[in-house]
Every structure is written in structure tokens, then in C-alpha cells.
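A.B. asks: Okay, handing you the structure first.
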2 protein chains.
Amino acid sequence: MLKENSQHIKLEQLGEKEILNRLKKYMDFGQIDDDTALITSSQKDLIINTDMLVEDVHFSEATSIPIHIGWKAIAVNISDLAASGVEEILGVTVGLIAPASTNWSWVDGVYTGIQDALNTFGGKLLGGDCSRGNQKSLSITVVGTKGPLNLHRSNAKPGDHLVTSGPHGLSRLGLGLLLSDPFLKSLELPQSLKEQAIKAHQTPIPALNALEKLIFCKPSSSPWRAAATDSSDGLLEAIECLCKSSKCTAIIEPQNLPIHHEWPKGPEWDSWCLEGGEDYELVVSLPPIWAKAWRKTLPLSKTIGKMKKGSPKVIWSNGETIRKSSTQTYKHF
Amino acid sequence: MLKENSQHIKLEQLGEKEILNRLKKYMDFGQIDDDTALITSSQKDLIINTDMLVEDVHFSEATSIPIHIGWKAIAVNISDLAASGVEEILGVTVGLIAPASTNWSWVDGVYTGIQDALNTFGGKLLGGDCSRGNQKSLSITVVGTKGPLNLHRSNAKPGDHLVTSGPHGLSRLGLGLLLSDPFLKSLELPQSLKEQAIKAHQTPIPALNALEKLIFCKPSSSPWRAAATDSSDGLLEAIECLCKSSKCTAIIEPQNLPIHHEWPKGPEWDSWCLEGGEDYELVVSLPPIWAKAWRKTLPLSKTIGKMKKGSPKVIWSNGETIRKSSTQTYKHF
């Protein structure tokens, strides 16, 4: 990461002007050169989202290098836009707080990760702000254009199939591996699973590809109506959101949990799949004919259950309530 | 501020869901109910800005109550949009970090201030994010439509007049009063000046009205060309920004410093006017005929100098360099 000696220099030694000057290389023309940044009219509705990553809450030096933190900050925001049917990512603003004693190399690494993610998913760095503070944090706002699909959480209907765009629990496994979780100590896991899990945790990929296919495969007989959210707070939490906003009951088939093909069996593993969190897959409720078409074009997708009339809750297909594991809940407060 | 007993409750007792639930009253329909918020197409170019306020860097319990912090967070962001020629404020997103032990009343107060500011200046609360962290901070992103005026920092030209929309130094005086600055101890200041100074510090008003008049009074012979920035980092800093971006020298008339009519005389007071910071007035470089028209419609505005060919610097009209007071510089790092 350290390309030059000046990478070791601390932010307080650089001062705000020099920090902003060094950040210019990451943006074309934006807020750093002026009071605001311009978004040229696209004649389309826009969708906007703000998400924060705080050190020791959402990331830690133990599990992520700066370049991953920057990547993840962008990816998790774009994931929310994907769950709202984004067409094109226009750009992001970045609010960065760091202690004055932070090395410039940390900031440089974070912005390199931000740029990598934008180069991969689209959009440009529009600007932002930086300030000293006791604890590192990133506040990212992403703006994109809305596509033809109205992907509200409240759009689910009884009779819909519930489909996920990919496997769940990988990020939680990755975190466990990075933190040498005692639970994993005696287990022999396939190398490919371990590598994918760590990747899923450090450099998640928002489900833009799955969204594009969802739009492309829509049968002409189906209206532009589907409900979706991303599984950033876990699969179960995502399904509960859909149920609550759409006033439906979700019935989940236990044998159809969206797990990786090398995923071990056992209640802890089911729990990581359901509640591990930070999965950034799409959880979509849509008409059966469209669900089938989407599954065909997306090999890792899975129909995990369906929606029916009833109070907002998530149950197994045998009628039992899906109990939440108290240890898995991801606490923002 | 405390309307009910539950105001004393701490964020960690409420948990994230209940916090978000309580925040719903401040927004129509936005990101809290879905993954993102929608901005309906205005068919216009947009301008966007992100600014942060960090506790003990930009605000402190000693000088601001929560409602003022919320107001100021919005006002300082809108000030940047004003300096870019905003036409209509569309909305804001709010990223809030606070320790888990923070009282709900603090968050409620901040959001009340945010709503007050939006009700006053326009725009709606689109959504945001909240997280626990060691230190309170607010990251605000404001989006607005761009009006007819291209207000870039780089648009100043030799021959332009340099005009400020209002007096400078009031916010710095307000801070001094709130912190019982020893320098002010033996001075008898007019009550009206003290009140205005404290207001300027706690609940600043972005110069939207001045911008509207600037657009309205443009002589038909002048093109839509003017340079502007806001004086959030101080008057001298603002002029330096214009000089640097526009590659001009600014000549300032010392007898024309934009001071309040009750402002005392003396080098410290000049220094507060030039470098006190957090003034949120417009500093505009524009053709003399337009400058005169603007001054006529805006009683508190003042022509403080002019632009000429030369290296980017700010000098007094006698040719002397304007020296920066080392104690006044506002340090973000």
C-alpha cells in the first residue's frame, strides 16, 4: 500500500488544504473545486441513499484493509439502489471523519477502494467533506437514475414467489474466519468456500447484474410490479421488511434456504444463512411466472418460499415460527 | 425540550428499529420506509453538496442546543448550494452518529432543527442512516436544482467588483460571547449586536434571498456570468478561493470591510471580520454595472474591492499583503 514516504505522513501534518488537494486525483471536477458538484439532468427520476460505516461498528482494522473499506462503503450503498431498481449509478459524495493522527496512506487506501468500486459499478466521485474526529467513519450518499421497475418493499402480493439472487451467510462466515471464531476452529472447510466467504465479507458485490436480468426477463404478461429489498441486515430481516411493508405472511421452505453448495449442515449454519447479515443479495417477491423466468437466467438464485394473505410474519412451511437467534442480531445501536 | 418521559430514554434502550420508527414523523415517505428515497425528475440540472458537523470540532454542548445543531447542519449545506446558484432545494439526507448512551431527546431536538430549517428554506427530509459511535456527528447531503446563473469560483474576471451579501465576523463574535472569551470581558457591546452575533453563530441563514435578488437584478447587458463562494471558512479564505480558481488578484479597500454597523474598531475586530469564519454570506465577483444593481436591492451588501489581472492573491488597496492572523484559522484537521 505504501507507495512513497509521504504515505506515512499524518493528516494533521498535511492540513485540510493539502488533504483536499491530494483527493483531487480521485475526482474529475466536483465539490472540491467548487462549493457543490453538478449532476447534469438525465430527464429521469432519481433515487438517493445514504449509508454510514463506523469503525468498530461496521468495520475494523482486524478484518479490513483501507482499500476494502472504501470498496465496501460504495458497494453497500449501491446495493440499496439495486433493491430500488436503479438503472445507472450517477455518482457519490463521501463524508470522511478520521483522527488527526491518521496516516495519509489510510485515506489514500479508502479513496482507492472507492474509485475501484466506482470504476466497476459506474458513477463518479462528486465530492464530499472531511473532518477530524475521534473515530474513523464514512458517510456515503449515492445517486442513480430509476429504471422501469417499481421495486418498493410494499409491492409484494399474496401468491408471489419469494426469490433470492444468491446464497446467504457467506459474509458472516468470512467474518468468523477473519476473527478466528472458535466455532470454526475444529472444522475442515473447503478452501474455495473459505475464499468466497472472505471475499463476500471484504469486497461484496451489489446485485446489479441480478437486477438487470430481473428487468430483462420480465414476461410481457406480468406488470412492472415486484417487491424487493437487499439482505444487508440478513435474509430473515429482509423478508420481515417485505412482510411488514406489504402486509403479507411469508412461508419459507427449510430445504430451500439459499446456501452455498459447499455450506455445512447444522442449526448454526442455518442461522448464519438466515441472520448472518451483510449479504447484499436481492430478496424479491414477484409473480410465479416471472420468478421462474428470473431463476432460469440466474443460476445462483433460489425460490425460497412464497407470500400468502396474513399478518406480517415469516413462518416455516410446517407453520412454525422462525425463531431469531439472539446472538446473531446485527446491532447498529 | 423534554416533552415526555420517553425523551430521557437512551438510544441503546430504544434500539435501531424504534429509533427509525420515531424518526418517521420527520419525513413523508423516504428511505426509512424503503431502501432508497425518490427524487422525481425536475428536468433540470442538479447540484449536490455534503458537509459534516462533528462534536467538539464544529459544535459543542457549551454553545449549541440540539435544535440549533440540526438547523445549522442544514443551513451550512444550503449555503454552499446558494453559492452555486441553486433554484429550489429538493431535499436532504442525514447521516447521524451518536453514542449509544445519548438521550433520545438529543436526536429528537436535532431532527426538529432539521425540519425547522427545511420548512424555512424548502426541501424535504429524504432519508438517511444512523449508527452508534464514540462522538456525535452529522453528515448532511443536500440536493437542489440549478438556476440560470453559473456561479463557479473560477468565473471572476479582471475589472469585476467584489461584493459581499452581508456583514462578516458576527458568528465569531457570537462564539466568543457564548464561550465568555476574555477578550470581550471588559467591553460594553450594544445588546442588539450581541443578540445578532449569537443568532449568527447558532442559527445562521443561508443567503438564498441575496441569490434571488442577484438573479433578479441582472442588467440585460450582462451575461449570466459571475463568480461566487460562501464565506463559511471566513471572508479572506473565500476571496482567496475566488482568486485561486479565477487566477486573479483581489484588491480590498480597508475602509470598506463588510462589518455590522455597531461593530467596534480595532485590529482584532478587523481580524474577526476577515477570518472569523462561519459567516455564510455570498462573496461575489461580477461586472460593476451588475454589482451596483445588486447593492441597490440588498441594503446590507457591500462592495469591498475589485479584481485585477495578476497572480492569485488578496492585497489591500495600498498594495500591502493582507496578513493572516495565525490564531484565527479554522482547523478541520
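We did not get these values from a lab; they are worked out from the coordinates using the rules stated. Note that the structure is predicted; figures quoted are calculated from it, not measured. As a convention, Cβ positions derive from the backbone with ideal geometry for all residues, glycine included, and neighbour counts pool all protein chains shown.
A.B. asks: Scan chain B and note any complete DSSP helix (H) whose C-alpha atoms cover at least 20 Å along its axis and whose Kyte-Doolittle average is 0.0 or more.
C.D. replies: Taking the DSSP H segments of chain B (at least 20 Å long, mean hydropathy at least 0.0), we get B:66-82, B:104-121.
A.B. asks: GNM on chain B, C-alpha springs below 10 Å: top fluctuator among B:171, B:301, B:42?
C.D. replies: Comparing B:171, B:301, B:42 in a Gaussian network model of chain B, the most mobile one is B:42.
A.B. asks: Right, here's the next one. What are the nm distances, shortest first, from residue B:308 to its equivalents in the other copies, labels at 7 Å along Cα→Cβ?
C.D. replies: 8.6
A.B. asks: Measuring from a point 7 Å out along Cα→Cβ, what nm distances, shortest first, does residue A:221 have to its partners in the other copies?
C.D. replies: Between copies, matching label points for residue A:221 lie 7.3 nm apart.
A.B. asks: What does the C-alpha gyration tensor say about the overall shape of the stretch A:161-296? Classify as rounded when a/c is under 1.5, otherwise prolate if a/b is larger than b/c, or oblate.
C.D. replies: prolate
A.B. asks: Sticking with this structure for a sec: Quick check on the protein assembly as shown: helices-only [θ] at 222 nm, where DSSP H runs of length 4 and up contribute -39,500 (n - 2.57) each and the sum goes over total residues. Nearest 500, please.
C.D. replies: Helix-only estimate at 222 nm: -10500 deg cm²/dmol.
A.B. asks: Can you tell me what share of the DSSP beta bridges in the stretch A:150-316 is antiparallel? A percent to the nearest 5 is fine.
C.D. replies: 75
A.B. asks: Does chain B come out rounded, prolate or oblate, given a ≥ b ≥ c as the square roots of the eigenvalues of its C-alpha gyration tensor, rounded meaning a/c under 1.5 and, failing that, prolate meaning a/b above b/c?
C.D. replies: oblate
A.B. asks: Continuing with the same structure: Rounded to the nearest 20 debye, what is the charge dipole size of the stretch A:150-316 about its Cα centre when +1 sits on each Lys and Arg Cβ and -1 on each Asp and Glu Cβ?
C.D. replies: Around 920 debye, computed over the stretch A:150-316.
A.B. asks: Based on other C-beta atoms within 10 Å, arrange B:273, A:217 from fewest to most.
C.D. replies: So the residues, fewest neighbours to most, are A:217, B:273.
A.B. asks: Most fluctuating residue of A:43, A:255, A:135 in a GNM of chain A with Cα springs under 10 Å: which is it?
C.D. replies: In this elastic network of chain A, the residue with the biggest mean-square fluctuation among A:43, A:255, A:135 is A:43.
A.B. asks: Could you compute the longest span of chain B free of GluC sites (Glu not before Pro) located in DSSP loops and having at most 12 other Cβ atoms within 10 Å, not counting the site residues?
C.D. replies: B:189-319
A.B. asks: Further question on the same structure: Based only on other Cβ atoms within 10 Å, what is the fewest-to-most ordering of A:39, B:48?
C.D. replies: Least crowded to most crowded, the residues run A:39, B:48.
A.B. asks: Report the charge-dipole magnitude of the stretch B:232-333 in Debye, nearest 20, computed about the Cα centre from +1 at each Lys and Arg Cβ and -1 at each Asp and Glu Cβ.
C.D. replies: Dipole magnitude for the stretch B:232-333 comes out near 620 debye.
A.B. asks: Let me ask something else. How far is residue A:199 from the same spot in each other copy, in nm, shortest first, if each label point sits 7 Å from Cα toward Cβ?
C.D. replies: Taking the point 7 Å beyond Cα along Cα→Cβ, the inter-copy spacings are 6.1 nm.
A.B. asks: Under the rule a/c < 1.5 gives rounded, and otherwise a/b versus b/c splits prolate from oblate, where does the stretch A:204-250 land using the Cα gyration tensor?
C.D. replies: Oblate.
A.B. asks: Right, next: Listing A:137, A:101, B:186 from the residue with the fewest other Cβ atoms within 10 Å to the one with the most, what is the order?
C.D. replies: Sorted ascending by nearby Cβ count, the order is B:186, A:101, A:137.
A.B. asks: Let me ask something else. Please figure out what share of the DSSP beta bridges in chain B is antiparallel and state it in percent, rounded to the nearest 5.
C.D. replies: If we restrict to bridges inside chain B, about 70 percent are antiparallel.
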